[in-house]
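The structure appears below as structure tokens.
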Amino acid sequence: MRFEQLQYKMNEAFQELMEEEGLEQLTDEQMARWPIDPRARPYHMHANEHMLCVPENQRRTLDYYGGFEYVGDDHRMQVGNWIVYSTEDDRVRQVVERMLDIESEEEHDEE
């Protein structure tokens, strides 16, 4: 198997896994809720309450303008051409909750 074939198969398998796990591509309405610098907003993001998946070629912009460079390695991994961020990181969780319109436990506790 050649490198390019492996990369293609990994990306294809990961995209199938995202679908199976309910990681839907964010809609324009959800993207409009992007809570940080609009220059950091990547395209073709997928998310659920547990993670945010971003195309690898958009990582630098997200890191620089969105503060994701501070997301620790224990909350970030690369799978094929995707960067996967865990909502166990506060920054990631705040972004995902806002875009998916999820009420955080902190907000719920304050009521």
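One table, with the values for the structure above:
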quantity: Region 87-111: number of residues that are in a loop (DSSP other than H, G, I, E, B), of a type outside the set (A, V, I, L, M) and either out of contact with any Asp or Glu (no Cβ under 7 Å at 6 or more places or on another chain) or at pLDDT below 85 (or both); calculated: 6
quantity: Filter result for VAL54 (at pLDDT 95 or above and either in contact with a strand residue (DSSP E or B) (Cβ under 7 Å, 6 or more places away or on another chain) or more than 20 Å from GLU16 (Cβ to Cβ) (or both)); calculated: no
quantity: Single residue of ARG33, ARG39 found to be closer than 19 Å to GLY67 by Cα, basic (Lys, Arg) and surrounded by fewer than 12 Cβ atoms within 10 Å (Cβ to Cβ); calculated: ARG39
quantity: Some residue of region 93-103 being surrounded by fewer than 16 Cβ atoms within 10 Å (Cβ to Cβ), within 28 Å of GLU4 (Cβ to Cβ) and of a type in the set (A, V, I, L, M, F, W, C); calculated: no
quantity: Residues within region 46-80 that are hydrophobic (A, V, I, L, M, F, W, C), out of contact with any Phe, Trp or Tyr (no Cβ under 7 Å at 6 or more places or on another chain) and surrounded by fewer than 18 Cβ atoms within 10 Å (Cβ to Cβ), tallied; calculated: 1
quantity: Tally of residues being buried (at least 17 other Cβ atoms within 10 Å of the Cβ) and either closer than 18 Å to PRO55 by Cα or not charged (D, E, K, R) (or both) across region 81-90; calculated: 6
quantity: Residues of region 84-102 satisfying the condition of being of a type outside the set (Asp, Glu) and within 12 Å of the chain's Cα centre (by Cα); calculated: VAL84, TYR85, SER86, THR87, ARG91, VAL92, ARG93, GLN94, VAL95, VAL96, MET99, LEU100
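The values are calculated or read from the model by the stated rules, or taken from the named source; none is laboratory data. Just so it is clear, the structure is predicted and the values come from calculations on it, not from any experiment. So basically every Cβ, Gly included, is an ideal-geometry build from the backbone, and we count neighbours across all protein chains shown.
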